1. Within the group Tyr53, Tyr6, which residue is over 17 Å from the mean Cα position of the chain (by Cα) and at pLDDT 80 or above?
2. So in the stretch 63-74, with the set limited to residues that are under 24 Å from Ile35 (Cα atoms) and loosely packed, with under 11 Cβ neighbours inside 10 Å, which one is modelled with the highest pLDDT?
3. What do you reckon, is Ala48 within 23 Å of the chain's Cα centre (by Cα) and either surrounded by fewer than 10 Cβ atoms within 10 Å (Cβ to Cβ) or at pLDDT 80 or above (or both)?
Amino acid sequence: MGLYFYIFEKIFNMKLLILTIGLLALAFAGIAIKIWSKKNGKFAGTCASQNPYLNSEGEACGFCGKMPGEQDCANDKPMV
């Protein structure tokens, strides 16, 4: 009886490991498809200055210097 439970536990752990790896691969594939489908891999509205919860005082973005009312990033260089 003890051997049965040992084998069952090993099989269950392998299934769980395979399921976890599969879900992680699916998540990475989804993010990759989202980046691939965007023009030049850019996402709109990623500047912290556009988020009212992060920028309640209306300050410029610390990365690019963009003010909340501006549409395009002030530092429009692609990141490497």
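1. Tyr6
2. The qualifying residue modelled with the highest pLDDT is Gln71.
3. So Ala48 does not fit the description; no.
The values are calculated or read from the model by the stated rules, or taken from the named source; none is laboratory data. Everything quoted here is computed from the prediction, not taken from an experiment. Positions of Cβ are generated from backbone atoms using ideal geometry, with glycine treated the same way; all protein chains shown enter the neighbour counts.
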